[in-house]
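The values are calculated or read from the model by the stated rules, or taken from the named source; none is laboratory data. Keep in mind that this is a model prediction, so the values were computed, not measured. Cβ placement follows ideal geometry from the backbone for every residue including glycine, while neighbour counts extend to all protein chains displayed. Ligands, DNA and RNA are stripped out before the accessible areas are found, and what is left, the full protein with its side chains, is counted by its heavy atoms. Shrake-Rupley method; radii C 1.70, N 1.55, O 1.52, S 1.80 Å.
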Amino acid sequence: MANLKKEGKEIGLAVIIVGDNPASRVYVNNKKKACEYIGINSYEYALKEDTTENELIDLIKTLNNDKKINGILVQLPLPKHINEEAVINTIDVKKDVDAFHPVNVGKIMIGNYDFLPCTPAGVMELIAESGIEIQGKDCVVVGRSNIVGKPQAMLLMQQNGTVTICHSKTKNLAEYTKKADILVVAVGKPNAITGDMVKDGAVVIDVGINRIAEKTLVGDVNFEECEKKASAITPVPGGVGPMTIAMLMKNTVKAALIQ
Ligand code: GUN
């Protein structure tokens with residue numbers, strides 16, 4: 001396989017993690033492994049739980065000015081005493097490989113963007129690579145987070161899907177999900193979608209990762225039930241997760257090219 005570093009290309013990704021959230025630790029380790037695999041230099045900044053907002057912001061400012069750093073990623077969630085918005089707003093727009101900065105979010109809304117947020121971008125790539133047409137399809141996104149639900153809906157709409165967004169206050173969720181040709185679920189709740197909520201032949205994409213026991217991860221979708229009805233379905237683990245990481249690598253290379 002091609003390796004950027006062996007080809008003489010030096011690309012750097014700074015990964016910042018604050019505190020010791022076990023899920024965040026796993027995600028950060030996977031991101032570092034992917035960097036190593038394709039030859040991106042990863043620089044981990046593991047900060048203590050009691051790091052102040054100002055200390056974190058000062059680190060980001062330093063990384064913004066560091067030429068060997070092309071991408072900056074702050075693993076979310078941050079400890080409660082730190083304002084995530086203030087932190088994200090500090091990241092140089094050209095190094096924002098998560099595409100969380102309001103300028104990048106706004107560019108996605110317009111449809112003229114440099115970076116896409118990694119998880120929704122990974123979902124779009126899965127759909128495209130599977131030869132699934134979006135145009136004219138009824139797409140239902142369950143979840144309205146800034147990281148997944150909102151940008152996911154925007155991207156499906158840009159591909160001419162007819163998009164409905166459902167969330168925790170939606171009445172009769174099943175009424176909507178049963179109509180979906182393409183169903184994307186990102187709510188962080190096991191069994192949020194059961195077999196009876198899915199249309200025959202639907203494409204079911206499960207963004208959730210929930211730890212239900214020491215060594216057991218499940219998504220938001222009841223896989224066994226929904227698999228029987230779906231024409232295509234993503235497993236957890238091993239579905240959307242690896243795509244998220246692949247898109248992060250793509251964004252990091254793009255960041256280096258833009259700079
Ligand atoms: N926490 C959950 N998903 C993500 C992500 O895609 N990026 C970052 N930085 N934090 C996250």
Residue satisfying all of: in the stretch 24-51; open to solvent by 70 Å² or more (accessible area, probe 1.4 Å) and within 16 Å of the ligand (Cβ to nearest atom); nearest to LEU217 (Cα to Cα) among these = TYR27
query = Looking at (1) at pLDDT below 95; (2) in a loop (DSSP other than H, G, I, E, B), can you tell me which one PRO235 breaks?
reply = (1)
inquiry  = Regarding the stretch 141-152, can at least one residue be identified that is in contact with a Pro (Cβ under 8 Å, 6 or more places away or on another chain), within 20 Å of ILE233 (Cα to Cα) and in a loop (DSSP other than H, G, I, E, B)?
reply    = yes
request  = Among the residues of the stretch 50-102, write down those that are out of contact with any Gly (no Cβ under 9 Å at 6 or more places or on another chain), assigned to a helix (DSSP H, G or I) and of a type in the set (D, E, K, R).
outcome  = GLU53, GLU55, ASP58, LYS61, GLU84, GLU85, LYS94
query = Give me the pairs: first residue in the stretch 54-70 and β-branched (Val, Ile, Thr), second residue open to solvent by 20 Å² or more (accessible area, probe 1.4 Å) and not in a loop (DSSP other than H, G, I, E, B), beta-carbon distance under 8 Å, and six or more apart or on different chains, which are they?
reply = ILE57/ALA86; ILE57/THR90; ILE60/THR90; ILE69/TYR43
ask   = Between a first residue in the stretch 78-101 that is without any contact (Cβ under 8 Å) to a residue 24 or more places away in the chain and a second residue that is open to solvent by 30 Å² or more (accessible area, probe 1.4 Å), which pairs have beta carbons less than 6 Å apart while being 6 or more apart in sequence or on different chains?
value = ILE88/PHE100; VAL93/VAL103; HIS101/VAL93
request  = Return the only residue of ASN54, ASN64 being more than 15 Å from the ligand (Cβ to nearest atom) and touching a Lys or Arg at 6+ places or on another chain (Cβ under 9 Å).
outcome  = ASN64
ask   = LYS9 passes all but one of (1) outside any helix (DSSP H, G or I); (2) free of Cβ contacts under 8 Å to residues at least 60 places away in the same chain; which number fails?
value = (2)
GLU214 vs. criteria among the acidic types (Asp, Glu), at pLDDT below 95 and either more than 23 Å from ILE245 (Cβ to Cβ) or open to solvent by 20 Å² or more (accessible area, probe 1.4 Å) (or both) = yes
Residue match in the stretch 164-179 (condition: free of Cβ contacts under 8 Å to residues at least 40 places away in the same chain, within 16 Å of the ligand (Cβ to nearest atom), of a type in the set (Asp, Glu) and open to solvent by 10 Å² or more (accessible area, probe 1.4 Å)) = no
ask   = So, of the residues in the stretch 73-84 that are over 18 Å from the mean Cα position of the chain (by Cα) and open to solvent by 30 Å² or more (accessible area, probe 1.4 Å), which turns out to be farthest from the ligand (Cβ to nearest atom)?
value = HIS81
ask   = If you scan the stretch 217-238, which residues turn out to be surrounded by fewer than 16 Cβ atoms within 10 Å (Cβ to Cβ) and among the acidic types (Asp, Glu)?
value = GLU224, GLU227
remark   = If we ask which residues in the stretch 85-133 are under 19 Å from GLU53 (Cα atoms) and either among the basic types (Lys, Arg) or buried (at least 17 other Cβ atoms within 10 Å of the Cβ) (or both), their number turns out to be 8
ask   = Among the residues of the stretch 185-201 satisfying the criterion of being part of a loop (DSSP other than H, G, I, E, B) and among the aliphatic types (A, V, I, L, M), which is farthest from the chain's Cα centre (by Cα)?
value = VAL198
task = Starting from residues that are in a helix (DSSP H, G or I) and within 13 Å of the ligand (Cβ to nearest atom), keep the ones in the stretch 105-126 and report whichever is nearest to the chain's Cα centre (by Cα).
result = THR119
query = Taking the stated definitions as given, is ILE17 open to solvent by less than 80 Å² (accessible area, probe 1.4 Å) and under 30 Å from ILE212 (Cα atoms)?
reply = yes
